[in-house]
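Below is one structure, written out as structure tokens; comments come after it.
The values are calculated or read from the model by the stated rules, or taken from the named source; none is laboratory data. These numbers were taken from a predicted model, which means no experiment stands behind them. So basically every Cβ, Gly included, is an ideal-geometry build from the backbone, and we count neighbours across all protein chains shown.
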Amino acid sequence: MSFSFLITGGAGFIGSNFIRYVQNKAPNLKIFNLDSLTYAGSFQNLQNLSNPKNHHFVKGDICNQDLVESILEEQEINTIVHFAAESHVDRSLQGPDAFIKTNILGTFSLLEAARKVWLGKKDFDRNEVRFHHISTDEVYGSLAPDEPAFKETTPYAPNSPYAATKASSDHLVRSYAHSFGLPITISNCSNNYGPYQFPEKLIPLMILNALTGNQLPIYGDGMQIRDWLYVDDHCDAIWTILNKGKVGESYNIGGGNQPPNIKIVKTICQILDKKDLPSGSAPHEQLITYVKDRPGHDRRYAMNISKIKNELGWEPKYDLESGLSTTVDWYLNNLDWLNAIIQEKDYENWVDLNYQQRGKA
Ligand code: NAD
Ligand code: TYD
């Protein structure tokens, strides 16, 4: 019997990077990629796969349980890696509905499909299947400057609608392991950056705006802290958990790179200043503009990664300097991708809406 992966949200940022990663690690593995192609998902993210014949795209919604069940049954899926989500905090503040639907109800639909198809089999072998749920550090809430980094045992305290829906989905996944014996693992990861990230999140937005001579909007005082991780490192951590992780466990993943936002933005400006760009905006720091803060803005995230490091031997390979420099180079070498993405997906409307809320300086 041949086994296959179902990857949800594989046309998005991390999912598409993960598909590339898996195709390098296991070229013969069959991948089914279920994605509804929201504003954040695109075929542009799946160009030049190393083994396109083993990548099968299914356009569909994870909330469609019948569809998920038929994929699980017909394609002999033994592993689900669940990335699909609404993922942007600012959007969750403007309209939480889609977050509730996809992040909570969509995860519920996947869990139910797995319960019916996998656990319903007479010869079900819990060592042969895995439901891996991708989550975030934001479920733990916000840290004060002197508080220790989040551990897997830190109580959940989500602050934004995005974080609350991810926390809810984590609890559902955990409950399916406890109540029904579904073989699950969960990873909670810090902020990712790297190629193919939609330019609404901090790092790609700053690169795009700097390249186009637009303002670089810093929310509040710019002293908020995130724990930045290069996306390849995240993919590597997920692969490690799939291969060595203990069923039923959660693992924190983080990069250990924790400068304040303003420092990240200034570093991007300095990297761009050294490039020979036609935009003529150098020094790019002149584009930095402080804008109204995000409501309920979490001050600080930091991940304690001792568990995955000590138990599974994973640790990040990229430091922030090399990761940012690789990322800026990727965007500069893929301006066609950037142009296609912002034209494809109603991008201007989102930028205008976001600025209206914060007040364009
Ligand atoms: P993304 O927004 O770039 O991509 C999400 C993908 O899911 C898109 O391709 C979209 O089309 C698809 N999708 C959305 N709703 C769907 C639905 N109902 N049915 C099918 N497909 C649907 O997100 P990302 O940044 O790649 O994040 C992926 C996962 O990782 C999410 O679960 C997110 O919560 C988690 N995560 C992200 C980060 C980060 O920094 N980006 C950090 C930690 C965890
Ligand atoms: P973001 O990339 O949206 O990720 P998250 O909110 O999930 O951590 O934002 C990262 C940090 O950057 C966060 O503190 C908000 C801040 N930020 C800005 O200052 N300006 C911006 O234009 C954006 C998008 C984010």
Item to check | Number of the exception - K246 against (1) on the phi < 0 side of the Ramachandran plot; (2) surrounded by fewer than 22 Cβ atoms within 10 Å (Cβ to Cβ); (3) within 19 Å of the chain's Cα centre (by Cα) | outcome: (3)
Checklist entry - Exactly one of (1) closer than 27 Å to L119 by Cβ; (2) in a loop (DSSP other than H, G, I, E, B) is unmet by L37. Its number? => result (1)
Checklist entry - From the residues in the stretch 17-28 that are in a helix (DSSP H, G or I) and among the hydrophobic types (A, V, I, L, M, F, W, C), which one is farthest from ligand 2 (Cβ to nearest atom)? => result V22
Next on the checklist: Condition first: in contact with a Leu (Cβ under 7 Å, 6 or more places away or on another chain) and either crowded, with 22+ Cβ neighbours inside 10 Å or of a type in the set (K, R) (or both). Now tell me which residues in the stretch 85-117 satisfy that.
Outcome noted: T107, L111, A113, A114, R115
Checklist entry - Given the conditions (1) away from ligand 2 (no atom under 11 Å from the Cβ); (2) more than 18 Å from G10 (Cα to Cα); (3) surrounded by 21 or more Cβ atoms within 10 Å (Cβ to Cβ), which single one is not true for P195? => result (2)
Checklist entry - Can you name the number of the only condition in (1) within 16 Å of ligand 2 (Cβ to nearest atom); (2) out of contact with any helix residue (DSSP H, G or I) (no Cβ under 7 Å at 6 or more places or on another chain) that K151 fails? => result (1)
Checklist entry - Considering only residues of the stretch 128-180 that are in contact with a Leu (Cβ under 7 Å, 6 or more places away or on another chain) and either within 12 Å of ligand 1 (Cβ to nearest atom) or among the polar types (S, T, N, Q) (or both), which is farthest from L242 (Cα to Cα)? => result S160
Checklist outcome for this item: Residues of the stretch 274-288 being of a type in the set (S, T, N, Q) and either part of a helix (DSSP H, G or I) or farther than 18 Å from L205 by Cα (or both), in sequence order, are Q286
Item to check | Out of K201, K266, K292, K275, sole residue that is more than 15 Å from ligand 2 (Cβ to nearest atom) and either of a type in the set (D, E, K, R) or surrounded by fewer than 21 Cβ atoms within 10 Å (Cβ to Cβ) (or both) | outcome: K275
Checklist entry - What number of residues within the stretch 116-146 are touching a residue at least 12 places away in the same chain (Cβ under 8 Å) and part of a loop (DSSP other than H, G, I, E, B)? => result 11
Next on the checklist: Here are the criteria: (1) within 9 Å of ligand 2 (Cβ to nearest atom); (2) of a type in the set (A, V, I, L, M, F, W, C); (3) more than 16 Å from the chain's Cα centre (by Cα). Tell me which single one F180 does not satisfy.
Outcome noted: (1)
Checklist outcome for this item: Turns out the helices (runs of 4 or more DSSP H) fully within the stretch 289-361 with at least 2 residues that are in contact with a Gly (Cβ under 8 Å, 6 or more places away or on another chain) are 320-333
Checklist entry - Tally time: how many residues in the stretch 274-305 are free of Cβ contacts under 8 Å to residues at least 12 places away in the same chain and not hydrophobic (A, V, I, L, M, F, W, C)? => result 4
Checklist entry - Residues of the stretch 257-273 being at pLDDT below 95 and not in a strand (DSSP E or B), which ones? => result Q258
Checklist entry - Hey, does the stretch 78-101 have a residue that's in a loop (DSSP other than H, G, I, E, B), under 29 Å from V247 (Cα atoms) and more than 17 Å from the chain's Cα centre (by Cα)? => result no
Next on the checklist: Residues to consider are I14, I31, I7; find the one that is within 14 Å of the chain's Cα centre (by Cα), part of a strand (DSSP E or B), in contact (Cβ under 8 Å) with a residue 12 or more places away in the chain and buried (at least 18 other Cβ atoms within 10 Å of the Cβ).
Outcome noted: I7
Next on the checklist: Could you tell me how many of the residues in the stretch 166-210 are touching a residue at least 60 places away in the same chain (Cβ under 8 Å), assigned to a helix (DSSP H, G or I) and under 30 Å from W330 (Cα atoms)?
Outcome noted: 9
Checklist entry - Among the residues of the stretch 69-84, is there at least one that is in contact with a strand residue (DSSP E or B) (Cβ under 8 Å, 6 or more places away or on another chain), in contact (Cβ under 8 Å) with a residue 60 or more places away in the chain and within 16 Å of ligand 2 (Cβ to nearest atom)? => result yes
Checklist entry - Looking only at the stretch 98-143, which residues are touching a strand residue (DSSP E or B) at 6+ places or on another chain (Cβ under 7 Å) and within 16 Å of ligand 2 (Cβ to nearest atom)? => result I134, S135, T136, D137, V139, Y140, S142, L143
